[in-house]
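Novice: Provided herewith is a single structure, encoded as structure tokens, for subsequent inquiry.
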Amino acid sequence: MDIVDEAIGETEKALGYAEGHVACLHNFMQCVHDGHKAEPGIEAEAQVQRVLEAASLSVRQGRFVRVWSV
């Protein structure tokens, strides 16, 4: 167990924004350290952003919004 693991504990049991953010950063830093590609990648993150944008637009306009149209 490295010092980062000790600092954040069991990330699988993290609840809440701060713990989730720390877990994501830990995953990213571990991938950089190990020379691996971080997952989820930018493509998955872009899809999440499209879903969030469509949901936000749907609420503001009071109608269904297709994710691909955002």
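The values are calculated or read from the model by the stated rules, or taken from the named source; none is laboratory data. Given the structure is predicted, the values throughout are model-derived calculations rather than measurements. All Cβ positions, glycine included, derive from the backbone under ideal geometry; neighbour counts span all protein chains shown. Calculation scope for accessible area: heavy atoms of the full protein, side chains included, ligands and nucleic acids excluded. Shrake-Rupley method; radii C 1.70, N 1.55, O 1.52, S 1.80 Å.
Novice: Applying the selection to segment 20-59, what residues are of a type in the set (A, V, I, L, M, F, W, C) and closer than 23 Å to Val70 by Cβ?
Specialist: Scanning segment 20-59 gives Ile42, Ala44, Ala46, Val48, Val51, Leu52, Ala54, Ala55, Leu57, Val59.
Novice: Okay, moving on. Which of the residues that make up segment 13-28 are open to solvent by 50 Å² or more (accessible area, probe 1.4 Å) and either at pLDDT 95 or above or not in a helix (DSSP H, G or I) (or both)?
Specialist: Those that are open to solvent by 50 Å² or more (accessible area, probe 1.4 Å) and either at pLDDT 95 or above or not in a helix (DSSP H, G or I) (or both): Leu15, Gly16.
Novice: Next up: Going residue by residue through segment 29-43, is there one that turns out to be part of a helix (DSSP H, G or I), exposed (fewer than 10 other Cβ atoms within 10 Å of the Cβ) and at pLDDT below 90?
Specialist: yes
Novice: Those residues that are of a type outside the set (Gly, Ala, Ser) and in a helix (DSSP H, G or I), I need them from segment 44-65; list them, please.
Specialist: Once the filter is applied, which keeps residues that are of a type outside the set (Gly, Ala, Ser) and in a helix (DSSP H, G or I), segment 44-65 yields Glu45, Gln47, Val48, Gln49, Arg50, Val51, Leu52, Glu53, Leu57, Val59, Arg60, Gln61.
Novice: Given the criteria loosely packed, with under 13 Cβ neighbours inside 10 Å and at pLDDT 80 or above, does Asp2 qualify?
Specialist: Judged against the criteria, Asp2 is not a match.
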